[in-house]
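The values are calculated or read from the model by the stated rules, or taken from the named source; none is laboratory data. Bear in mind the structure is a predicted one, so any value in this text is a computation, not a measurement. We place every Cβ from the backbone using ideal geometry, glycine too, and count neighbours over all the protein chains shown. All accessible areas refer to the heavy atoms of the entire protein, side chains included, with ligands and DNA or RNA removed. Shrake-Rupley method; radii C 1.70, N 1.55, O 1.52, S 1.80 Å.
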Amino acid sequence: MMNESAASVPTIDPIASWFTALGSRARRALFAAPRGEVPQKYVDEVLAKGHKLALPWFSDSTNSESVRLPGAVADYVDGVLAALQRWWIGLSNEQRLQWAEVENGPVPNCLHTSYPDSFEFVPGDDVVYADPQVIDFIAVAAA
């Protein structure tokens with residue numbers, strides 16, 4: 001049985017669910033500036049999904065005029081970003097170009113071994129796809 005104080009401490013899983021549920025453009029904007037103001041065109045999505053999936057962190061975020069991610073949420077996005085940046089830096093220029101060409105298509109077999117360890121492939125019919133977070137990071141990194 002969980003004691004009362006432990007029950008009130010949320011886990012990081014809701015933040016991960018929230019970040020995964022965001023649309024690609026919103027996630028890319030947050031990758032570009034996790035501690036900056038959320039661009040106005042993504043505020044409604046960020047707050048609505050935050051209130052639905054990660055309320056403990058978004059309970060104070062109601063002002064849609066100027067929104068910044070709560071500290072723990074920005075820390076999570078920074079952590080995802082740092083993991084992907086370490087992966088990206090370790091790739092050869094040729095691999096980076098190949099990954100940039102993948103976009104939302106299937107991941108070619110030649111790139112399977114260079115996939116970031118922290119993410120799982122998304123299975124398809126006889127092919128695999130990259131996690132949307134990886135694709136969105138690549139779009140930001142390659143821009």
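In order along region 128-140, the phi-based Karplus estimate (6.51 cos²θ - 1.76 cosθ + 1.60, θ = phi - 60°) of 3J(HN,Hα) comes to 10, 10, 6, 4, x, 5, 5, 4, 5, 4, 4, 4, 6 Hz; Gly and Pro are listed as x. Legend: calculated FRET efficiency, ASP78 to GLN40, from the Cβ-Cβ distance at R0 = 25 Å, rounded to 0.05, equals 0.70.
The H on the amide N of ARG68, modeled in the peptide plane, is under 5 Å from the matching H of VAL38, each at least 5 residues off or on a different chain.
Backbone amide hydrogens, once placed in the peptide plane, bring VAL128 within less than 5 Å of VAL107, excluding anything fewer than 5 places away on its chain. Taken one residue at a time, the phi angles of region 42-48 give Karplus couplings (6.51, -1.76, 1.60, θ = phi - 60°) of 10, 4, 4, 5, 4, 6, 4 Hz. Gly and Pro are set to x. For GluC sites (Glu not before Pro), the sites in region 83-120 that DSSP calls loop and that have at most 16 other Cβ atoms within 10 Å are GLU103, GLU120. Electrostatic tally near GLY90: other residues with Cβ closer than 11 Å to its Cβ, Lys and Arg +1, Asp and Glu -1, net +1.
Residue by residue, region 25-32 carries 3J(HN,Hα) couplings of 5, 5, 5, 5, 5, 6, 4, 5 Hz when phi is fed to the Karplus relation 6.51 cos²θ - 1.76 cosθ + 1.60 (θ = phi - 60°); x denotes Gly or Pro. Rounded to the nearest 500, what is the chain's calculated 222 nm mean residue ellipticity when only DSSP H runs of at least 4 contribute -39500 (n - 2.57) each, over all residues? Using -39500 (n - 2.57) per qualifying helix, the result is -16500 deg cm²/dmol. Note on ALA21 and ARG86: the model spin-label points, each 7 Å out from Cα along the C-beta direction, lie 2.8 nm apart. A 1.4 Å probe run over the protein chains yields, for the chain, 59 Å² of accessible area per residue, whole-number rounding.
Taken about its Cα centre, the chain carries a charge dipole of about 360 debye when Lys and Arg each add +1 at the Cβ and Asp and Glu each add -1 at the Cβ. By accessible area, using a 1.4 Å probe on protein heavy atoms only, region 51-143 has 49% of its surface on carbon and sulfur. Is the shape of the chain rounded, prolate or oblate, going by the alpha carbon gyration tensor and its root eigenvalues a ≥ b ≥ c, with a/c under 1.5 for rounded and a/b larger than b/c for prolate? Prolate, since a/c reaches 1.5 and a/b exceeds b/c.
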